[in-house]
Structures are given as structure tokens and as C-alpha cells.
Amino acid sequence: MSQTRSLRVLLVRHGLTDDNLSGIAQGQRQVPLNETGRQQARQLARRLAGEGLLADVVVSSDLCRAAETAQIIAAAIQAPIVYDPQWRERSLGELEGRVVGVEGIWLAAVGEHTPAGAESLPQFIERIRDAVCGLGAQHPAAATIVVVAHGGPLRSILQMLHYGALPLAAGQRQPEVVNIVNCSVMELECQMDGQLQRWRVRRLNDAGHLDPDDVCG
């Protein structure tokens, strides 16, 4: 007999970096948060702690801008951190470190443009789908998981939900595919019945904890 289980997943994009502001393609480069990004992470951490969030684990990309965001959150909610390279941003090949503008970054990060030397779109999508679908198996005792990652992976998850690559729960409308705000929260609920998973979007681009002048998407 299969065992049913509900898993709450809070997906967080890392805080702001200087490269975000300058329209520089970061990809898998090690780029730290700037002071605004650290403040965003602290604001989110205070909100989650104030809500009494009981997360079993914080799963983070091992790139430093995500890792630093995760460390601030994990300290506030007193949860352990697991670093997982599956949650890295898409490798952008020859574009990394170059000024391409915000729109150019999104086109490359979510696979609508493939620069020379970049991770292929099928590889990227498979990596992110494996990462999100594998959370339940990797953390079998968890009821709530916070994931800190990057704009490209999180927008790709939205695309999978919109186009059906991640099956939606009954009554769940297709979510709009939008750019993800730095240090915003996308909350998903996954209903698992054996190998079957059904997904529900509880909130998207929730940035109510941020100063309005610091909201960047």
C-alpha cells in the first residue's frame, strides 16, 4: 500500500548582488551578496522566524550568493543547512561575467538562449526537475523544506508547473510564468502518493518583507 505525504517547500531566490544591478550574467560564477542583498536576507529571515516557521532543513545551492542567503535564514529559524549543487544557476558559458542586461540574463538563465559553452537546456531542465522532485526522497522525514537557489532554476520550476512537466493538484490553476524577485518566496505544496506527485502553488513572488526600493526582479 502506498503512503501519502504532504511536503511544504519554500523556494527562495538569493539576495541582491552587484552583478544583478549591473546586468552581468553570473551563471555559476562565485559572486557574493552586496549589502542590500544581505539586508534582504536578514529581512526575510526575521519574517520567517516571526511567523514561527518550523523548517526541517534549509537546502541551498553551493554558490556563495545562495549559500550566504541560506546561512542567514538558517540561523534565524534554527535549521540545519544542506548544500546541493543541483540547485546551482544554469552555467552560461561565454556569457558569464559579461554585461548582457536583465532581459538577456533571463533569456539565458531559463534556456531561451544557449551561449557557447553553456549547459544545454535539456540538461538544465532535467537537473532542476530532479532537484525539486527529489526533495521528498532525500529528506524522507521532512514536512517543511526551505530551498535557496537562483532566478533561473525557480523560473524554470514555474514553467514546468505552467506547462505540465510538474503535475498540478486538482483545482490548481496554471501559475503565471514571471521573473523571480531577489529574496522573494515561492511556496509550493507537494502531495505525494508513492511515486505520484501533485503540486500546488500557495504563494509566488512574496516580497512583503522587503523595502519597496530594494525589490528587484
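The values are calculated or read from the model by the stated rules, or taken from the named source; none is laboratory data. Predicted model only: the values in this text are computed from it and were never measured. Don't worry about glycine lacking a Cβ; one is built from the backbone with ideal geometry, like all the others, and counts go over all protein chains shown. Surface areas here come from the heavy atoms of the whole protein model, side chains and all, with no ligands, DNA or RNA. Shrake-Rupley method; radii C 1.70, N 1.55, O 1.52, S 1.80 Å.
Looking at 73, 24 in this structure, which one is closer than 24 Å to residue 137 by Cα and touching a residue at least 40 places away in the same chain (Cβ under 8 Å)?
Checking each option against the conditions leaves just 73.
So, of the residues in the stretch 20-33 that are open to solvent by 20 Å² or more (accessible area, probe 1.4 Å) and not β-branched (Val, Ile, Thr), which turns out to be nearest to residue 106 (Cα to Cα)?
Going residue by residue through the stretch 20-33, those that are open to solvent by 20 Å² or more (accessible area, probe 1.4 Å) are 20-22, 24, 28-30, 32.
Pick out the ones that are also not β-branched (Val, Ile, Thr) and you get 20-22, 28-30, 32.
On the way: 20: 11, 21: 13, 22: 14, 28: 14, 29: 16, 30: 18, 32: 19 Å.
Here the answer is 20.
So, in the stretch 133-173, of the ones that are part of a loop (DSSP other than H, G, I, E, B) and over 19 Å from residue 196 (Cβ atoms), which residue ends up least open to solvent (accessible area, probe 1.4 Å)?
150
So, in the stretch 76-132, of the ones that are in contact (Cβ under 8 Å) with a residue 40 or more places away in the chain, open to solvent by 30 Å² or more (accessible area, probe 1.4 Å) and touching a Lys or Arg at 6+ places or on another chain (Cβ under 9 Å), which residue ends up nearest to residue 47 (Cα to Cα)?
Among those that are in contact (Cβ under 8 Å) with a residue 40 or more places away in the chain, open to solvent by 30 Å² or more (accessible area, probe 1.4 Å) and touching a Lys or Arg at 6+ places or on another chain (Cβ under 9 Å), it is 88.
Which of the following residues is under 29 Å from residue 38 (Cα atoms), part of a loop (DSSP other than H, G, I, E, B) and modelled with pLDDT under 95: 216, 183?
So the residue among 216, 183 that is under 29 Å from residue 38 (Cα atoms), part of a loop (DSSP other than H, G, I, E, B) and modelled with pLDDT under 95 is 216.
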